[in-house]
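The values are calculated or read from the model by the stated rules, or taken from the named source; none is laboratory data. Keep in mind it's a predicted model, so treat the numbers as computed, not measured. Ideal geometry is used to build each Cβ from the backbone, glycine not excepted, and the neighbour counts take in all protein chains shown. For accessibility, only protein heavy atoms count, side chains too; no ligands or nucleic acids. Shrake-Rupley method; radii C 1.70, N 1.55, O 1.52, S 1.80 Å.
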Number of protein chains: 4
Amino acid sequence: MARNTFGKNWAVTTFGESHGAAVGCVIDGCPAGLPLNTAEINAELARRRPGRDGGAAAVSTPRAETDECEVLSGVYEGHTLGTPIAIIIRNMNTRSSDYDELKDIYRPGHADSTWDAKYGFRDYRGGGRSSGRETAARVAAGAVAKKFLIENGITILGWTESIGEITAPDFGAPDFCEAEIERNPFRLPSKDVEKAAALIKALRTEGDSIGGVVRCRVTGLPAALGEPVFGKLDAALAEAMLSIGAVKGFEIGAGFAASRLKGSQNNDINANHSGGVLGGISTGAPLEFRAAFKPVPSIAMEQQALSKDGAVRLISIKGRHDVCIAPRALPVVEAMAALILADFVLEQRLARVNLPPYADGHA
Amino acid sequence: MARNTFGKNWAVTTFGESHGAAVGCVIDGCPAGLPLNTAEINAELARRRPGRDGGAAAVSTPRAETDECEVLSGVYEGHTLGTPIAIIIRNMNTRSSDYDELKDIYRPGHADSTWDAKYGFRDYRGGGRSSGRETAARVAAGAVAKKFLIENGITILGWTESIGEITAPDFGAPDFCEAEIERNPFRLPSKDVEKAAALIKALRTEGDSIGGVVRCRVTGLPAALGEPVFGKLDAALAEAMLSIGAVKGFEIGAGFAASRLKGSQNNDINANHSGGVLGGISTGAPLEFRAAFKPVPSIAMEQQALSKDGAVRLISIKGRHDVCIAPRALPVVEAMAALILADFVLEQRLARVNLPPYADGHA
Amino acid sequence: MARNTFGKNWAVTTFGESHGAAVGCVIDGCPAGLPLNTAEINAELARRRPGRDGGAAAVSTPRAETDECEVLSGVYEGHTLGTPIAIIIRNMNTRSSDYDELKDIYRPGHADSTWDAKYGFRDYRGGGRSSGRETAARVAAGAVAKKFLIENGITILGWTESIGEITAPDFGAPDFCEAEIERNPFRLPSKDVEKAAALIKALRTEGDSIGGVVRCRVTGLPAALGEPVFGKLDAALAEAMLSIGAVKGFEIGAGFAASRLKGSQNNDINANHSGGVLGGISTGAPLEFRAAFKPVPSIAMEQQALSKDGAVRLISIKGRHDVCIAPRALPVVEAMAALILADFVLEQRLARVNLPPYADGHA
Amino acid sequence: MARNTFGKNWAVTTFGESHGAAVGCVIDGCPAGLPLNTAEINAELARRRPGRDGGAAAVSTPRAETDECEVLSGVYEGHTLGTPIAIIIRNMNTRSSDYDELKDIYRPGHADSTWDAKYGFRDYRGGGRSSGRETAARVAAGAVAKKFLIENGITILGWTESIGEITAPDFGAPDFCEAEIERNPFRLPSKDVEKAAALIKALRTEGDSIGGVVRCRVTGLPAALGEPVFGKLDAALAEAMLSIGAVKGFEIGAGFAASRLKGSQNNDINANHSGGVLGGISTGAPLEFRAAFKPVPSIAMEQQALSKDGAVRLISIKGRHDVCIAPRALPVVEAMAALILADFVLEQRLARVNLPPYADGHA
């Protein structure tokens, strides 16, 4: 079974290796008549790119990815045709030689050894298909899904909730500041990012990295999205989040904290402990979820690694890698959420013999 | 898109409402030649059933589920045929009248309101399709998958890691006792379950409930299972776990704790912070994951609820419901893990032009 | 990849072997709110059953199939819930001993040898899963789909177009008589079925069988059903028809005759050479297609067969088998067409950003 | 449900409109380690191209398609990686202005009217996504599948069996000449193509077109490919063939002729009336099937057409279109067959608990 397609009604197939000719996606299932232009996709791609300012330099990667996409199909006269939308993003400035000495070494925390075990053959340059580079294709696909969601009144907002032990103000707290998210390189919803900046700087000097948590909140969802058993909205989101390379945990609503609550506490109809999903179906309250990112495994600090022949070697990963991937992965989190939601908005059209009326008057 | 099927190569479709004639499953993709008998499936169903002992009474439900399944197809002379295996479990002792007065009330924490929003029509008796009853079908399907995994040398072990704030000994700790798991009603890996028993008893008296965490460990996996991008093994497990009614969080390996670690700590090649998965593919180390369960929302204690007409009402849920669902859901966790793993064991047969040799000599 | 599910939005999984406990289906994707009762399904099952009259005796099989189904799930208070509808039909009067002497012989024209080659293990009793018995499950599923189509104004009419060289009046000809179809055992649309009766009788005496053609005409379809490339309506119908055991050919509209026409003839906008499909999408004209059935391979006449050890043996198939399967397969043809059409009616709800208005005022 | 993907284990998604930037495909499921280079794909694309010689001019289209593909991903150092293989073919020399006057006219026999009914919005230039141009992407995907099949000892041979009433020598007849197929512009397996040449020439002069039949024969198949119920090999081939624009009929083995045979004739174990498939599973005998092509609907001769506003108009289609599409569609037939077979070769790896041994010694 082929496994590079994500989604059912709104299905996205991605392709491409880090150091191949291009990465890209095919969006199959976007309905006809959606206004769409390439600039909208490029704008989302730009959000994924490192290098916006001095701070951002601290979260950059070895490659200047000036990602401009090309839309090959599915759009005509500024509107979607209902046919597959193919989008490619060329890989530029790929310095394959950076990876020559890692050819026979399995970098710790990477898919190097598992890939060899699986396929027996590997493009070792920059992680090949397992590279974060692949997520550019998802962000492009997500940009189209976001456009569709906006037409349906649905908005996605993500931010960095924590970097290591540093935690951002909670949503709704007085110092939570949405406008700041895209203004600082850490995507923290706060005017005070000094501590985060100091931590990142220190780790960079040490050649180390750190984990973080991304939080996401979706508003404007109708009650009804998601399927009762295997197509639960939160299960789909969990899969979507864990499909992002460095994600190790997922929570919907209260998440693990709910395991420590009593029923009388958790049931509170005025709280949103459920995170906007009950029985796998959206309640109409804001959807709230979190994804935990592990520290970037590519560190400059010397570390032990296994080589192909089984020996333990000391290595140091070259190049300028992200110290904390969470802020830069945030557009990927949003994109994956958008893909799920677009899929389920379409799905809900199939739920009843007679279509239910929607807010805008069309059924 | 129909959404009651789980898995691709090893695909399971479940059906059935809590108070309908039966719940059941169709397993499509189980290879021909697997030894299988009904008793093996019933044994797993018995693990899901409440009422094993005095302690278990504390985690029981209103229904005596003496679940014996009937295998309708796919098995001949004690072996699977390669055709779909249909299994049904009749619903007995369904006291629908228990639910009459809840017909127009949306129980907090349940799928009642969302179901109405979605379909406009609902079988309100015991949650209908959203009932935990549906998981009996998954356990039956999981029993067959486990049989297949055992043939492949793969073993799944689950236990209750925590009930509320009470935490079991960690795996590998001196007081971690695997043999105790199935001996106490809480499925704690410990000889000392006094505190848990006291907590459950107190909550029962109060008419309240509590959350918990289930942990699962899989051994015997070859390195190679899982697909690099959208079919990541951990993403599939996350979806599988969140597809269980009360689950609100998922962690693979270090999980959320990884978000607080440095790269130099997390990369340690002697630890298993990855939980046995790198880049979505199994490493050959034990697979380790957790699922967080919210407290059972059906509580005897009086609580606020919304009625169909929008009014706030005070209700008290009748019947004997579980105080903590985690122990009883454990076989469901294992079953869902087994379905994923059986799917991926088959998937790996498709990865190479020439099939790789396996440990037992067959390719 | 599991292959016992048919359809995407309206997905039907069938299960069951000829001489196992039951055959059945799970319908996943039927929208909520469709009026449905068991009698409607049994009525379609009765159409598939042999033995209606003296003539029908000529088209009977060794088993008296008094097929009454049981609906296990998905229906509540006379309406569909939107959840999977599981239906089972018990296998009665299965005389397995009839097949004992065929255990090691591959009946010509049957799946016996191919099944052994594929799975290495086989339920040889009555063809097992490859038996026509499996189509009872399809007819049950088709009955539900037909109900949905009727709600959408769509009607399916099938008839026997030919038995061997005997051809029925063409649709629209003066002697074409729709009312006769269900009145004669051959389902010929004609008051004059003497020749057919004589042919069947003669072949029965000889212990031989004969092929036939079923034709199907669907009216009330909106223009728009079907997808432009891989989901073409006619391609889906072709697959559906060839999925019926004895079908060897399929034609949409003019079919093979179109290969002998000129463009200037075939393009005629007043004819319906296209059969109601252009570019894979319904035109709004009646959908017209044909399925060719081979002669029933189970014949009483002595014939050569290969045995498991490779030797050629002379065999004579016992029991009362159909002489021409086409008339009795007609409800299966209609059922498969209904499944496709229900799938595509739902699919069309996904085609546009804003849903198009339909004739009945709902979008 | 997205419908631009074909196949399950070997899944191909195509994209692209006739007059957009490019057409292309993503192959998901090709195993790792297959030797592959771009020239092999271009060689198959060249077979689909018109203009090989004087005769071929008679079957040309308005566009000089010098199709050279670009492989964007999935191949590294001359071998497949096991990741998606994305291939694009740029659209050159697209003279959109040819179609300006057809903007509001529905060409007879084309998908123009049905597309508008479906999507309400259309790229009318050259048929958009419904153009035969899309099949270039399938031929590229098929080239890779053929490579995989050759590794498995499977060979596909197609030829033109008839053009209008002119029929080629039957396979096995003394004048059947395989070597001639690629030597004459009609792909007839014969040294004598005078009559066909005269017919095509005459029709071209008249501004008319003609239908034809393509026949295909696959050798080297193991007994075992195909699934017993919904994944029948012949059903999959039927769907594959009808997914080609102009195909109106499909036959496996004896096809419609079988409907006129007696069981005692059709069962002959020395003939191959079944066409190499019994019960949906390959027998090991050569696979034999036919696809009937309607006459090309784009004719220069004046004809009636409906315009968007419902009026009947007289039109004459400009440009140099194929007179008979069958010969040029032959590589598409082969490509689609190759995709099905690659899918099923992989599928068979999933059939047994222990993998069966294959001829080449690997399991």
Three-way shape call for the range A:89-140 based on the alpha-carbon gyration tensor, with the a/c threshold at 1.5: oblate
Calculated label separations, residue D:100, copies of the chain, 7 Å along the beta-carbon direction, nm: 5.6, 7.7, 8.4
Label 7 Å beyond Cα on the Cβ vector: residue A:314 copy-to-copy distances, nm: 7.2, 8.7, 9.1
Extreme residue, positive dipole direction of the range C:5-348, given options C:34, C:20, C:312 (C-beta unit charges): C:312
Between the range C:298-356 and the range C:79-102, the Cα center-to-center distance that results, in Å: 16 Å
Per-residue average of Cβ from other chains inside 10 Å of D:30-40: 3
Overall Cα dimensions of the range C:117-239 - principal axes, largest extent first, Å: 54, 48, 26
Between 0 and 90°, nearest 10: helix B:233-242 axis offset from chain B longest Cα axis: 10 degrees
Most fluctuating residue given options A:45, A:233, A:157, as computed from a GNM of chain A linking Cα atoms under 10 Å: A:157
Average beta-carbon neighbours from other chains, 10 Å sphere, peptide A:295-306: 4
Cβ-vector label at 7 Å, residue D:219, separations to other copies in nm: 5.1, 5.5, 7.0
Backbone HN-Hα couplings from phi across the range B:134-142 [Karplus 6.51/-1.76/1.60, Hz, Gly and Pro as x]: 4, 5, 4, 5, 5, 5, 4, 5, x
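Mind grabbing the interface size between D and C? I mean buried accessible area, both sides, 1.4 Å probe, in Å² to the nearest hundred.
So the buried area, both faces added, is about 7700 Å².
Which value, in debye to the nearest 20, gives the size of the charge dipole of the range D:5-348 about its Cα centre, when Lys and Arg are +1 and Asp and Glu are -1 at the Cβ? It would help to have the intermediate numbers written out before the result.
Values: 37 positive and 42 negative charges, 112 e Å.
It comes to approximately 540 debye.
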Total charge dipole magnitude, the protein assembly as shown, about the Cα centre, Cβ charges on Lys, Arg, Asp, Glu only, Debye to nearest 20: 0 debye
GNM top mover of B:106, B:119, B:76 - chain B, alpha-carbon springs below 10 Å: B:119
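What relative contact order, as a whole-number percentage, does the range C:153-215 give when Cα pairs under 8 Å and 6 or more residues apart are counted?
Details: 74 pairs, mean separation 25.7, N = 63.
Relative contact order here is 41 percent.
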Normalised contact order of chain C, rounded percent, pairs of Cα under 8 Å and 6 or more residues apart: 22 percent
Relative contact order (%) - criterion: Cα under 8 Å, at least six apart; region: the range B:229-279: 38 percent
The protein assembly as shown - convex hull of the alpha-carbon atoms, volume per residue in Å³: 163 Å³
Residues in the range C:190-231 that, when all protein chains are in place, have 50 Å² or more less accessible area than the chain alone would give (probe 1.4 Å): C:228, C:229, C:230
Radius, Kirkwood style, for the range B:5-348 when every pair of distinct Cα atoms is counted (Å): 21.0 Å
0 to 90° range, to nearest 10: angle between helix C:326-347 axis and chain C longest Cα axis: 30 degrees
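Can you classify the range A:221-352 as rounded, prolate or oblate using the Cα gyration tensor, where a ≥ b ≥ c are the square roots of its eigenvalues, rounded means a/c under 1.5, and otherwise it's prolate if a/b beats b/c and oblate if not?
Numbers: a/c = 2.81, a/b = 2.05, b/c = 1.37.
Prolate, since a/c reaches 1.5 and a/b exceeds b/c.
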Positive-end extreme of charge dipole, the range B:128-260 - chosen from B:198, B:162, B:243 (charges on Cβ): B:243
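With a 1.4 Å probe and every protein chain left in place, work out the accessible area per residue of the range B:5-348 in Å², rounded to a whole number.
Numbers: 10620 Å² over 344 residues.
I get 31 Å² per residue for this part.
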10 Å Cβ neighbours from other chains, averaged over peptide A:129-141: 2
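Could you tell me what percent of the accessible area of the range A:5-348 is made up of carbon and sulfur, with a 1.4 Å probe and every protein chain present? Mind showing how you got there, number by number?
Working: 5310 of 10620 Å².
The nonpolar share, carbon plus sulfur, comes to 50 percent.
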Overall form of the range A:97-182 per C-alpha gyration tensor (a/c, 1.5; a/b vs b/c): oblate
Among the listed pairs B:191/B:294; C:195/D:262; B:147/B:232; A:232/B:294, those beyond 18 Å (Cα-Cα): B:191/B:294; B:147/B:232
GNM top mover of C:37, C:267, C:91 - chain C, alpha-carbon springs below 10 Å: C:267
Expected 222 nm ellipticity per residue - DSSP helices of 4 or more, -39500 (n - 2.57), all of chain D, to 500: -7500 deg cm²/dmol
